[in-house]
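Right, one structure below, let's go through it.
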Amino acid sequence: MLIKRNILDKILAGEIDLAFRRWKRPTVKTGGRLRTAVGELRIIDVSQVDIGSVSADDVARAGYISRDDLEADLADRPDAELYRISLRFDGQDARVPLRENDNLTDQECSALLEKLARLDRKFDRGAFSVAVLKLIEEQPAVAAFEIAHQVGLEKQVFKQHVRKLKEHGLTESLTVGYRLSPRGKSFLDRARQFRI
């Protein structure tokens, strides 16, 4: 579920707490979380509704002036079902403090090596994740497709792998490409000590 930055800012300010989407099936679920550019959102409720049941209050809570404005915004998918999503800001992206933590203990470093080894089994290329981290370190802000080409992967497969590295706090996305986080730099330095 993509949310425009100006809407995210209003959610952060508490001005908006509803969204409406037309989907064949919902991409978020009640009780879930959504990572965004301003932090994490909590999905309070997702329910299918009819446009006629959307109240003027709901229209305003979603940031629209009128139901006509809401309908115009949803006009590109008239064949899909309408969903009402209740949401709220739920704090900073949990990965931010993780990636800033560059004081890795031996135990944390070993645990990360084990997790990456499990990820690397999919590729059958040895310490593939460490190799990707080294490339990102050497080539920050280089487009994903260029690094994907260097390692012989399709761009989407490569990006999915880097997302997993990001989940462990090792990388950060830039407008173009990636860079190592402080945690990623620390981890890579430790991995080099083990000659990985």
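Listing for the model above:
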quantity	calculated
Matching residues in the range 111-125 - criterion: being open to solvent by less than 100 Å² (accessible area, probe 1.4 Å) and either of a type in the set (Lys, Arg) or under 27 Å from Gly39 (Cα atoms) (or both)	Ala111, Leu112, Lys115, Leu116, Leu119
Leu153 open to solvent by less than 60 Å² (accessible area, probe 1.4 Å) and within 18 Å of the chain's Cα centre (by Cα)	no
Options Asp79, Asp73, Asp57: the member that is over 30 Å from Ser181 (Cα atoms), surrounded by fewer than 15 Cβ atoms within 10 Å (Cβ to Cβ) and either modelled with pLDDT of 95 or more or of a type in the set (S, T, N, Q) (or both)	Asp57
Residues of the range 126-145 classified as touching a residue at least 24 places away in the same chain (Cβ under 8 Å) and either open to solvent by 40 Å² or more (accessible area, probe 1.4 Å) or not in a helix (DSSP H, G or I) (or both), total	8
Candidate set: the range 90-110, residues that are assigned to a helix (DSSP H, G or I) and of a type outside the set (Asp, Glu); chosen: the one surrounded by the fewest Cβ atoms within 10 Å (Cβ to Cβ)	Gln107
Arg183 vs. criteria touching a Lys or Arg at 6+ places or on another chain (Cβ under 6 Å) and closer than 24 Å to Ala94 by Cα	yes
Test: residue in the range 3-14 that is without any contact (Cβ under 8 Å) to a residue 12 or more places away in the chain, under 17 Å from the mean Cα position of the chain (by Cα) and loosely packed, with under 14 Cβ neighbours inside 10 Å	yes
The range 152-173, residues that are small (Gly, Ala, Ser) and in a strand (DSSP E or B)	Ser173
Criterion: within 20 Å of the chain's Cα centre (by Cα), closer than 23 Å to Arg190 by Cα and modelled with pLDDT under 90 - qualifying residue of Arg95, Arg99, Arg125	Arg95
Tally, over the range 113-144, of residues that are aliphatic (A, V, I, L, M) and in contact with a helix residue (DSSP H, G or I) (Cβ under 6 Å, 6 or more places away or on another chain)	6
Scope the range 174-187; condition part of a helix (DSSP H, G or I) and buried (at least 18 other Cβ atoms within 10 Å of the Cβ); matching residues	Arg183, Gly184, Ser186, Phe187
Among residues of the range 15-29, those that are out of contact with any Lys or Arg (no Cβ under 6 Å at 6 or more places or on another chain), surrounded by 13 or more Cβ atoms within 10 Å (Cβ to Cβ) and farther than 11 Å from Gly63 by Cβ, counted	5
Inter-residue pairs, beta-carbon under 7 Å, first closer than 13 Å to Leu112 by Cα and modelled with pLDDT of 95 or more and in the range 160-189, second among the aromatic types (Phe, Trp, Tyr) and surrounded by 21 or more Cβ atoms within 10 Å (Cβ to Cβ), 6+ apart	Leu170/Phe187
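The values are calculated or read from the model by the stated rules, or taken from the named source; none is laboratory data. The structure displayed is predicted, hence computed values, not measured ones. Counting neighbours? That spans all protein chains shown, and the Cβs are built from the backbone with ideal geometry, glycine included. Ligands, DNA and RNA are excluded from the accessible area calculation, which covers all protein heavy atoms including side chains. Shrake-Rupley method; radii C 1.70, N 1.55, O 1.52, S 1.80 Å.
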